[in-house]
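The values are calculated or read from the model by the stated rules, or taken from the named source; none is laboratory data. Keep in mind that what you see is a predicted model, and the values were worked out from it rather than measured. As a convention, Cβ positions derive from the backbone with ideal geometry for all residues, glycine included, and neighbour counts pool all protein chains shown. Each accessible area value is taken on the protein alone, full model and side chains, heavy atoms only, with ligands, DNA and RNA left out. Shrake-Rupley method; radii C 1.70, N 1.55, O 1.52, S 1.80 Å.
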Amino acid sequence: MFRPRAPLPLLLLLLALPAWAKPPRLTLFITVDAMGSDLLLRTRPRLQGGLGKLLDSGAFYPYARYDYAKPRTAPGHATLATGANPWRHGIVDNRVIDRATGKPARVFPDAQHPVLEASLSEDDVSPANLLAETLADRLRLATNEQGKAVALSGKARSAIPLAGRLGQAYWFDETVGKFVTGTWYTKELPGWLKDFNAANPPTTWFGKTWELVRPRTEYLGEDDRPYEGAYYELGRVFPHPLTGGLTAPGPESYSAFAISPLSLDLVVRAAGAAIAGEGLGKDEVPDLLAVSFSATDRVYHQYGPNSWEMQDTMFRLDKAVGDLVTLAERAAGGRANLLVVLSADHGGAAAPEYWTAQGMEAHRVNPKELSKGLTEALRQRFGGDVTATIEELDVYLGGKTLEGGKVDGAAVRRAAADWLRKQPAISLAVASDDLPTLPDVAGLATALRRGYYPGRSGDVLFVVKPFHVMSADTVGTNHGAPYAYDQLVPFVLAGKGVRPGTYTQQISTTDVAPTVAAALEMNLPASAEGHPRSEALGTGR
């Protein structure tokens with residue numbers, strides 16, 4: 001039977017396809033909690049290790065933006081993992097107000113799947129509330145569950161969305177000082193993790209101090225600033241003791257250690273144990289290892305992004321990233337079989353006092369005082385026991401008067417929004433009833449809509465003015481506003497199939513998961529809103 005020959009260009013294309021279609025054996029997905037673009041770009045000239053080399057050798061997007069109004073840890077990791085905004089994946093904040101009790105509740109609760117080996121823990125435990133497919137889920141399904149997906153972090157709310165429903169999530173629990181998981185993922189800790197916890201008991205770091213990793217002359221500004229925190233007896237100046245004020249290891253000392261960047265090395269070693277224990281990268285079926293570094297966020301909140309503590313943390317992160325990439329490269333059998341991804345879940349504001357010293361009109365906005373004033377105003381107008389509880393930029397209204405239908409709920413919500421708009425620190429406030437039709441003044445309404453999920457978000461949403469920081473504390477700082485210092489984060493790709501270079505166009509963080517999915521030659525996560533960044537993928541056609 002005669003078969004016509006294919007044209008030469010088509011033959012060349014077909015010959016090229018097998019090498020192109022073969023995905024990396026291992027994808028290392030790194031997230032750095034609270035590493036905004038401003039922090040990274042300021043520090044980049046002083047990065048001499050793995051993080052600096054990754055920026056130089058990979059495809060570096062300095063300006064990936066969260067499209068919703070309240071960048072926080074849980075929604076940020078969920079967006080990176082799903083390629084969707086909270087209005088699709090449903091994770092609107094780290095905590096929400098439980099409407100049944102009126103009290104704050106974790107965003108990943110699950111009474112049916114408690115934490116293993118940490119009975120004291122009240123942390124997040126399962127992905128039940130995550131409503132969108134993740135990269136880990138897609139990888140598991142695309143490989144007929146042959147590919148493995150493991151997520152590790154210092155926080156449950158970081159590991160859980162990275163692992164999704166079908167991967168494995170492990171996190172450091174500060175109540176017991178070891179890595180744990182929930183019964184959603186397994187009924188018993190795997191042997192490799194039991195061995196790791198046994199070999200790294202809390203006593204090994206109890207009593208150590210957090211010292212400067214470089215000479216004092218390499219740190220900018222002052223070490224001691226009055227608006228820095230001193231939680232867990234860490235103090236405001238180097239060296240910082242890690243006892244937590246205890247005489248023997250306990251939850252306070254575990255928390256002091258978790259805040260310090262010494263915990264970065266523990267996460268790297270745990271990742272190494274997971275690589276060996278799960279056999280990640282050892283065959284041609286692609287695996288995913290997601291690692292989220294949490295100490296950066298803890299240092300940021302307590303000391304601020306301009307502190308010596310944050311500078312030292314970035315220097316230590318520089319090395320930790322290098323150590324982690326080396327472990328992954330060895331596991332995959334070389335860089336030709338490895339894809340490295342790095343991003344962050346949010347940026348962060350400077351301490352308001354720092355901004356004020358620089359001439360900015362900056363202020364702390366105390367949510368407790370705001371809640372109290374709003375509650376009083378609503379009771380004066382509507383009577384009864386109407387309450388207003390503020391969780392970051394969301395207002396949750398309650399009380400028997402409102403819940404029993406004695407007053408018009410929409411009228412109360414609109415009155416609350418009106419009151420908030422009159423406060424000097426507030427730029428915009430809107431009742432949830434009016435959010436769909438709110439004119440997009442200054443682009444803020446769209447950002448609020450993308451971060452809103454019915455039943456979980458507040459009854460009223462608002463935005464503070466630039467350089468205003470929501471914080472009930474008089475020290476430290478916070479994040480969660482729709483401005484560049486909170487919304488802009490880096491996105492880096494390196495390794496197999498990547499075109500190196502610096503890409504200065506602003507992209508969306510919803511592009512991260514689609515780009516990784518494209519590099520892995522699989523479909524996008526089901527609810528993804530973003531697009532693959534084909535300009536950075538050398539295999540794109």
- prompt: Got at least one residue in region 286-306 being open to solvent by 10 Å² or more (accessible area, probe 1.4 Å), in contact with a Pro (Cβ under 6 Å, 6 or more places away or on another chain), assigned to a helix (DSSP H, G or I) and at pLDDT 95 or above?
  reply: no
- request: Answer yes or no: is there a residue in region 465-476 that is touching a Pro at 6+ places or on another chain (Cβ under 9 Å), among the basic types (Lys, Arg) and at pLDDT 95 or above.
  value: yes
- prompt: How many residues does region 358-376 contain that are open to solvent by 30 Å² or more (accessible area, probe 1.4 Å) and within 15 Å of TRP419 (Cβ to Cβ)?
  reply: 3
- request: Confirm whether GLU233 is charged (D, E, K, R), at positive phi and either more than 26 Å from the chain's Cα centre (by Cα) or open to solvent by 50 Å² or more (accessible area, probe 1.4 Å) (or both).
  value: yes
message: Based on this model, can you work out whether PHE206 counts as in a helix (DSSP H, G or I) and of a type in the set (Phe, Trp, Tyr)?
response: no
Any hit, region 271-283, residues being within 20 Å of PHE29 (Cα to Cα), open to solvent by 20 Å² or more (accessible area, probe 1.4 Å), among the acidic types (Asp, Glu) and not in a loop (DSSP other than H, G, I, E, B): yes
- prompt: Given the residues LYS148, LYS155, which is the only one that is modelled with pLDDT of 95 or more, basic (Lys, Arg) and more than 30 Å from ALA388 (Cα to Cα)?
  reply: LYS148
message: For region 330-356, which positions are open to solvent by 10 Å² or more (accessible area, probe 1.4 Å) and more than 14 Å from HIS468 (Cα to Cα)?
response: ARG330, ALA331, GLY333, GLY334, ARG335, ALA336, ASN337
Selection within region 237-270 - in contact with a Pro (Cβ under 8 Å, 6 or more places away or on another chain) and open to solvent by 20 Å² or more (accessible area, probe 1.4 Å): PRO249, TYR254
query: For region 467-478, what are the residues that are open to solvent by 50 Å² or more (accessible area, probe 1.4 Å) and either among the hydroxyl-bearing types (Ser, Thr, Tyr) or not in a loop (DSSP other than H, G, I, E, B) (or both)?
result: THR474
statement: Going through region 161-172 in order, the residues found to be surrounded by 24 or more Cβ atoms within 10 Å (Cβ to Cβ) and without any contact (Cβ under 8 Å) to a residue 60 or more places away in the chain are ALA169, TRP171
- prompt: What are the residues in region 503-541 that are under 15 Å from ASP137 (Cβ atoms) and of a type in the set (A, V, I, L, M, F, W, C), if any?
  reply: ALA513, VAL516, ALA517, LEU520, MET522, LEU524, ALA526, ALA528
- request: Would you mind stating whether VAL321 is closer than 30 Å to LYS70 by Cα, at pLDDT 95 or above and open to solvent by less than 20 Å² (accessible area, probe 1.4 Å)?
  value: yes
statement: Matching residues in region 326-346 (of a type outside the set (D, E, K, R) and under 20 Å from ALA517 (Cα atoms)) number 11
query: Between a first residue in region 222-235 that is in contact (Cβ under 8 Å) with a residue 60 or more places away in the chain and a second residue that is assigned to a helix (DSSP H, G or I) and exposed (fewer than 15 other Cβ atoms within 10 Å of the Cβ), which pairs have beta carbons less than 6 Å apart while being 6 or more apart in sequence or on different chains?
result: none
query: Has region 132-152 got any residue that is open to solvent by less than 10 Å² (accessible area, probe 1.4 Å), among the β-branched types (Val, Ile, Thr) and either part of a strand (DSSP E or B) or over 23 Å from ALA344 (Cβ atoms) (or both)?
result: yes
message: Exactly one of these conditions fails for VAL464: (1) buried (at least 18 other Cβ atoms within 10 Å of the Cβ); (2) without any contact (Cβ under 8 Å) to a residue 12 or more places away in the chain. Give me its number.
response: (2)
- request: Specify the residue that is nearest to THR73 (Cα to Cα); the eligible residues are those in region 479-526 that are under 17 Å from the mean Cα position of the chain (by Cα), surrounded by 21 or more Cβ atoms within 10 Å (Cβ to Cβ) and small (Gly, Ala, Ser).
  value: GLY480
- prompt: Quick one: would you say GLY443 is at pLDDT below 95, surrounded by fewer than 14 Cβ atoms within 10 Å (Cβ to Cβ) and outside any loop (DSSP other than H, G, I, E, B)?
  reply: yes
message: The conditions are (1) in contact with a strand residue (DSSP E or B) (Cβ under 9 Å, 6 or more places away or on another chain); (2) in contact (Cβ under 8 Å) with a residue 60 or more places away in the chain; (3) more than 29 Å from ARG330 (Cβ to Cβ); (4) among the aliphatic types (A, V, I, L, M), and LEU212 fails exactly one of them. Which is it?
response: (1)
task: Pull up region 177-210, narrow it to residues that are open to solvent by 40 Å² or more (accessible area, probe 1.4 Å) and among the hydrophobic types (A, V, I, L, M, F, W, C), then point me to the one that is nearest to the chain's Cα centre (by Cα).
output: TRP184
